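To start, the structure under review is shown below, and the notes come after it.
The values are calculated or read from the model by the stated rules, or taken from the named source; none is laboratory data. Predicted, not measured: the structure shown is a model, and the values here were computed from it. Because the Cβ atoms are built from the backbone with ideal geometry, glycine has one as well, and the counts that use them run over all protein chains shown.
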Amino acid sequence: MPAIEKLSIALPAEMAALVRGAVNAGEYASDSEVVADALREWSSRKMRESGLAKLRQQWKESVADDSEGLDPDRVFDRLEEKYGLSAEAAG
């Protein structure tokens, strides 16, 4: 089990009421569980946003790249060969 650290937080009345309501409705066992769930969601959103920012940057770099690139037919031939052999080997 991860180490637990006790924090004291202040919430606006509306948010505090939402937390208490979720606990009273049986959605969570405690106020701490509500806050922990909200933090997990926030963390997940931040990671998605970071991943999207990296993807956008890669897209911009790709669009700006004037190099000739690869012949798609050769790429697909290589993929078909690679995965065709893998499927045969697997039986």
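Considering every residue within the range 29-37, establish whether at least one is exposed (fewer than 10 other Cβ atoms within 10 Å of the Cβ) and either acidic (Asp, Glu) or modelled with pLDDT under 95 (or both).
If we filter the range 29-37 for residues that are exposed (fewer than 10 other Cβ atoms within 10 Å of the Cβ), which is where we start, we get 29.
Adding the requirement that they be either acidic (Asp, Glu) or modelled with pLDDT under 95 (or both) leaves none.
No, there is no match, as no residue in the range 29-37 is exposed (fewer than 10 other Cβ atoms within 10 Å of the Cβ) and either acidic (Asp, Glu) or modelled with pLDDT under 95 (or both).
Please go through the range 1-46 and pick out each residue that is touching a residue at least 24 places away in the same chain (Cβ under 8 Å) and assigned to a loop (DSSP other than H, G, I, E, B). Spell out how you get there, then give the answer.
In the first step, residues of the range 1-46 are kept if they are touching a residue at least 24 places away in the same chain (Cβ under 8 Å); the result is 9, 35.
The one that is touching a residue at least 24 places away in the same chain (Cβ under 8 Å) and assigned to a loop (DSSP other than H, G, I, E, B): Ile9.
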